[in-house]
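Note sheet for the following structure.
No lab work stands behind these numbers, since they all come straight from the coordinates. As the structure is a prediction and not an experimental result, all values here were calculated from the model. Using ideal geometry, Cβ is built from the backbone for each residue, glycine included, and neighbour counts are taken over all protein chains shown.
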Amino acid sequence: MKHFFSTLLLLLFALSIQAQTCATPQSGLDLWANNIKARILNGGNLFTDGLDGQFIPNPDAQGNGPATIYTSGLWLGGFDPGGNLLLSANSYRLPDKTDFWAGPLAPSQLSNPATCANWDRIFSVKGERIKAFLEQLPDFQNNTAAALAQFPEIMGWPALGNPHFSAVWSFSLPANNSPLAGFVDSNDDDVYNPLDGDYPAVVLQNKSPFVPAQHVWCVFNDAGAGQPHATTGRPMGMEVQLTAWAFNCTDRPELNNTIFTSHKLLNRAPALYNSIFIGMWTDFDLGCPTDDYIGCLPELNTYFAYNQDQQDGNVGSDCSIGGGNLQTFGNTPPVQSVTFLNHALDRFILQDNPSIGSGGYGSPQTPLQYYNNLNGRLPNGNPIYTGGSGLTSGTPETNYIFPGDPGSPQEWSMCTANIPSGDFRALGSSYIGNFAPGGIYELSCAWTTHEQISQPCNLGNVKENIGKIRNLFVSDFAGVCSPLLSHVPQIADKAFFSLSPNPARTEIVITYEGVQVQQVKVFDSAGRLIQQLNTLPEGRMSLPVGNWASGMYQVQVISEKGAFTRSFYVNP
């Protein structure tokens, strides 16, 4: 068959001969806002410092403790119109080899060394800092220098049109008006300017913006300056924008043990791609890596790791590997799950660590073998068969290996199949199909540690926790704590206040007796401050809501005695 090369591939070939190469991304930053400390990296990897796993539940004050994940990576694979395989997949972070490089891409153009160097960074902001900035905003509107000095992470947020970005980072935003990091656009002018009241936020497709305890953002691509991929795969010309965030909600332990990520893909190539898969590759290490089992729950779009036996470690709680001794979870090993929140888990497969035994699942070495794994097959292209190790023909083929609850003797799991111990890697993937030029696709995931679950072969409340997290995601995290909700002490005796009607159609009426009301704030379900009233009548006020969108809101009445906060619903 005559091979077709897309315009982008021809461009990569021509320019790679003379282009200077981009450096392998090096930046990393700890997302640490709740019970999880997680290292976020630029360039397609997550949760490692290159030596040790850095997805650590309940770390000590120095951030140390046994990890549940050694590392994870983004995988992409598919075909161009001529049938050429395209593959970009990072597994372990290597100092001089990668499939992704830092920085955005202009349509049909390569990145360059200067762009790669400038964007090899993680942008981070905490919700409390956003709250403090908004409270001081009136003072900054005539004093830009003070805003830059006190809140550089907000003034320099990499969002569309930010006029202050270069003052903070000494390089410019892309000139192609491409969407970058998310923000709340207070004046709806489609440009980020914090002095207009705009502020950073997590903005997902078809979701209301929200402000968690901390969120981070970075951008990378698979084109670099034309240098070859570590996998030897051909690039797609894909820009990837990563947002990761965490909530700190003491009343929701499932959220306090979760890190969220969203990978937004932007096809910068001129070609219509087909048969595209996106995958999250994960090397689970629940403390000691040699006694972990792995499975999936397709009905919850989740894959997970759990301990093979009651004790985490080789002998007792010991885990001696390669001359070192890893920290373990002792007799309380957790379960670690990864949940696709907005797309289906269409395939799930395992890989071996050949240095610690072989389960027969192999490990990909060529681009085609990587793609076979993304398609739920072994590296050699063979399918998985239901039952046992999944490797013996004679039973129906399946897209999911070990899709059962290990606590159920009737379901297929590594426990019920009595699989020998080893250090397995996992790959969950979602089928995109066709991907048009200029197209955007987003995969959001929840990475959750489930604690105090007796082992072996037990998921405890894992399904319940995942269900809660999925429901919160579907509801745009309605009612979830946000730092933008003021931390004024709450009044226990609510007899001072009343609010009616609830739900409301045209207005709500707030009455207050025996207190001096200083301020009223209204927040939407994403925690955004949508209205603030500082001049208030005595005893009673009304708030028109007839033109508000249906949904839940929170009103906060602040007085000299403290604050009264109540949720209400609008159904126009």
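Which log10 I(q)/I(0) values does the stretch 31-113 give at q = 0.14 Å⁻¹ under the Debye formula, counting every alpha carbon as one identical point scatterer?
The Cα Debye sum returns log10 ratios of -0.61.
Relative contact order of the chain: what whole-number percent is it, with Cα pairs under 8 angstrom and at least 6 residues apart?
14 percent.
Relative to the longest principal axis of the C-alpha atoms of the chain, give the angle of the C-alpha long axis of helix 7-16, reported between 0 and 90° and rounded to the nearest 10°.
Value to nearest ten degrees: 80.
Helix 127-140 sits at what angle to the longest principal axis of the chain, using alpha carbons and giving 0 to 90 degrees rounded to 10?
Long axis of 127-140 versus the principal axis of the chain: about 40 degrees.
Can you give the alpha-carbon Rg of the chain over 2.2 N^0.38 Å, where N counts its residues? Working shown, then result.
Values: Rg = 25.3 Å, N = 572, 2.2 N^0.38 = 24.6 Å.
The value comes to 1.03.
From the helices alone, meaning DSSP H stretches of at least four residues, give me the mean residue ellipticity at 222 nm for the chain, per-run term -39500 (n - 2.57), in deg cm²/dmol to the nearest 500.
Numbers: 9 runs with 71 residues, N = 572.
Calculated at 222 nm, the ellipticity per residue is -3500 deg cm²/dmol.
Can you give me the long-range amide H partners of Ala67? Hydrogens built in the peptide plane at 1.01 Å from N, cutoff under 5 Å, separation of 5 or more residues or another chain.
Gly287
Each residue of the stretch 465-474 in order: what ³J(HN,Hα) in whole Hz does its phi give by Karplus 6.51 cos²θ - 1.76 cosθ + 1.60, θ = phi - 60°, with x for Gly and Pro?
Going residue by residue, I get 4, 5, x, 5, 5, 5, 5, 5, 5, 4 Hz, with x marking Gly and Pro.
What's the longest uninterrupted piece of the chain once you rule out the GluC sites (Glu not before Pro) that are loop residues per DSSP with at most 13 other Cβ within 10 Å? Each step should come with its number before you reach the end.
Details: sites that count: Glu513, Glu538, Glu560.
So the longest stretch without any such site is 1-512.
May I ask which of Lys97/Lys131; Lys37/Lys463; Lys37/Lys207 have a Cα-Cα span longer than 32 Å here? Each step should come with its number before you reach the end.
Values: Lys97/Lys131 40 Å; Lys37/Lys463 23 Å; Lys37/Lys207 26 Å.
Beyond 32 Å between Cα atoms: Lys97/Lys131.
Take every Cα pair under 8 Å in the stretch 494-570 that's 6+ residues apart, average their separations, divide by the length, and report that relative contact order as a whole percent. Write out the running numbers ahead of the final one.
Numbers: 158 pairs, mean separation 26.3, N = 77.
34 percent.
Label 7 Å along Cα→Cβ of Ile356; the stretch 376-417 residues with amide nitrogen under 19 Å?
So the set is 414-415.
Within a Cβ distance under 15 Å of Met155, other residues only, what is the Lys/Arg minus Asp/Glu net charge? Don't skip to the end; give the middle numbers.
Numbers: positive: Lys126, Arg129; negative: Asp139, Glu153, Asp196, Asp198.
Around Met155, the surrounding residues sum to -2.
With Rg and the Kirkwood Rh both taken from Cα atoms, where does Rg over Rh land for the stretch 494-570? Working shown, then result.
Working: Rg = 11.7 Å, Rh = 12.5 Å.
Here the Rg-to-Rh quotient is 0.93.
Assign one of three labels to the stretch 85-126, namely rounded, prolate or oblate, based on the Cα gyration tensor with a ≥ b ≥ c the square roots of its eigenvalues; rounded applies when a/c is under 1.5, prolate when it is not and a/b is larger than b/c, and oblate otherwise. Before the final figure, lay out the partial values.
On the way: a/c = 1.71, a/b = 1.14, b/c = 1.50.
The shape class here is oblate.
Which far-off residues, 5 or more places away or on another chain, put their amide H under 5 Å from the one on Cys319, with H placed in the peptide plane?
Excluding prolines and chain starts, which carry no amide H, the hits are Asn314, Leu326.
For the stretch 343-479, just the Cα atoms, rotate onto the principal axes and tell me the three extents in Å, largest first.
Principal-axis extents of the stretch 343-479 (Cα, largest first): 48, 48, 30 Å.
Sort Ile259, Ile321 by Cβ crowding within 10 Å, fewest neighbours at the top.
Values: Ile259 26, Ile321 15.
The most exposed by this proxy come first: Ile321, Ile259.
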